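The values are calculated or read from the model by the stated rules, or taken from the named source; none is laboratory data. Please read these numbers as outputs of a predicted model, since none were measured by experiment. Glycine also receives a Cβ, built like all others from the backbone with ideal geometry; neighbour counts cover every protein chain displayed. Just the protein is used for accessible areas: all its heavy atoms, side chains included, with ligands, DNA and RNA removed. Shrake-Rupley method; radii C 1.70, N 1.55, O 1.52, S 1.80 Å.
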Amino acid sequence: MESEKRWYVIHTYSGYENKVSANLERKVHSLGMENEIFRIVIPMENEVEVKDGKKRSVQRKVFPGYVLVEMIVNDRSWYAVRNTPGVTGFVGSGTKPIPLTDEEVKQIMRSMGVEESRPKIDLQLQQLVRLKASPFAGCVGSVSEINEERGKLKVLVSMFGRETPVEIDFTQVEETE
């Protein structure tokens, strides 16, 4: 099976989502699986309910009967999740769980009001940075554009006597001394 961390959906008995989440958390700690199973999320939404003429905010499950798990699927982690009381199985074909796409995860987290944390980087325009990844790893260039929204930078790298703009992720640069 694959060894990268992804989000998977597990199916539970209806109404057992909280029990499954608590049981799985306990299992992760007791078996020392913190490096295989990372986060367990029950997608919730705030909803305004009017009862007896009074408005109140209530939390509602977005997908009743389902729990999201961020994990690395291997035989041990699959078995641990699959054999948690209240879990009926992974969402997927046969025995192989199918991970959610990054876009699906972003959409679900956004609907819950959870924005994923973007790396904050303290860089200014014209600052010199060293590229850590891409074909230009090790090259030094100056920051020409910062796009915080997308977590990207444009760095001008000198190649063959010309400045070449390279778009790169915040996490793929480091400040030069």
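Among the residues of the stretch 107-133, the one identified as in contact with a helix residue (DSSP H, G or I) (Cβ under 9 Å, 6 or more places away or on another chain), at pLDDT below 80 and surrounded by 15 or more Cβ atoms within 10 Å (Cβ to Cβ) is I121. Is it true that V20 is modelled with pLDDT under 85, of a type in the set (V, I, T) and either open to solvent by 50 Å² or more (accessible area, probe 1.4 Å) or in contact with a Ser or Thr (Cβ under 8 Å, 6 or more places away or on another chain) (or both)? Criteria not met by V20. Checked against the criterion of being surrounded by 11 or more Cβ atoms within 10 Å (Cβ to Cβ), within 20 Å of E4 (Cβ to Cβ) and at pLDDT 85 or above, the candidates S158, S77, S144 yield just one match: S77. Can you find even one residue in the stretch 40-60 that is basic (K, R), crowded, with 16+ Cβ neighbours inside 10 Å and more than 26 Å from E4 (Cα to Cα)? Looking through the stretch 40-60, none of the residues is basic (K, R), crowded, with 16+ Cβ neighbours inside 10 Å and more than 26 Å from E4 (Cα to Cα). Among the residues of the stretch 161-174, those that are among the β-branched types (V, I, T) and surrounded by 15 or more Cβ atoms within 10 Å (Cβ to Cβ) comprise V166, I168, V173. For beta carbons closer than 9 Å, sequence separation of 6+ or different chains, a first residue in the stretch 137-152 that is farther than 12 Å from F170 by Cβ and a second that is surrounded by 11 or more Cβ atoms within 10 Å (Cβ to Cβ) and at pLDDT below 80, there are no qualifying pairs.
Would a scan of the stretch 82-103 turn up a residue that is touching a Pro at 6+ places or on another chain (Cβ under 8 Å), of a type in the set (A, V, I, L, M, F, W, C) and modelled with pLDDT of 85 or more? Yes.
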